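Undergrad: Please find one structure pasted underneath; my questions will follow.
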Amino acid sequence: MVYHDKTTGHMILGEAAINLAFDEQEITLVALIRQLSEMAEQERNDERVTQIADARNWLKGFIESSTRDRAELNWLVETGQAPVSLKDYR
């Protein structure tokens, strides 16, 4: 994420996580991204909408990289080259 102010970015992510926790929802990447979308829809301040969008884009980067990692790990398993543990994979 290109945070102009990391503290603000962290606060936005924390706010999304707290909203999910108060609603007794599981806190996952997908849930956080969805919650940030809802927050952006309700927000009137353009600067804050931009900050929320930055946070969403940053989180989406983790989904894309975890998908690549998972695909690579699946390939290793299928070819008999799987690591003994996931710690060995990282």
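The values are calculated or read from the model by the stated rules, or taken from the named source; none is laboratory data. Please read these numbers as outputs of a predicted model, since none were measured by experiment. When we count neighbours, we look across all protein chains shown, and the Cβ atoms used for this are built from the backbone with ideal geometry, even at glycine.
Undergrad: Exactly one of these conditions fails for Trp58: (1) modelled with pLDDT under 90; (2) aromatic (Phe, Trp, Tyr); (3) more than 14 Å from the chain's Cα centre (by Cα). Give me its number.
TA: Answer for Trp58: the failing condition is (3).
Undergrad: Related question: Scanning for something small (Gly, Ala, Ser), modelled with pLDDT of 95 or more and in a helix (DSSP H, G or I), does segment 17-29 turn up at least one residue? Lay out the reasoning, then the answer.
TA: Here is the first cut: in segment 17-29, the ones small (Gly, Ala, Ser) are 17, 21.
Pick out the ones that are also modelled with pLDDT of 95 or more and you get 17, 21.
Checking the rest, the ones that are also in a helix (DSSP H, G or I) come to 17, 21.
Yes, that holds for at least one residue.
Undergrad: In segment 30-56, what count of residues is obtained for those that are of a type in the set (Asp, Glu), in a helix (DSSP H, G or I) and free of Cβ contacts under 8 Å to residues at least 24 places away in the same chain?
TA: Final tally of qualifying residues: 4.
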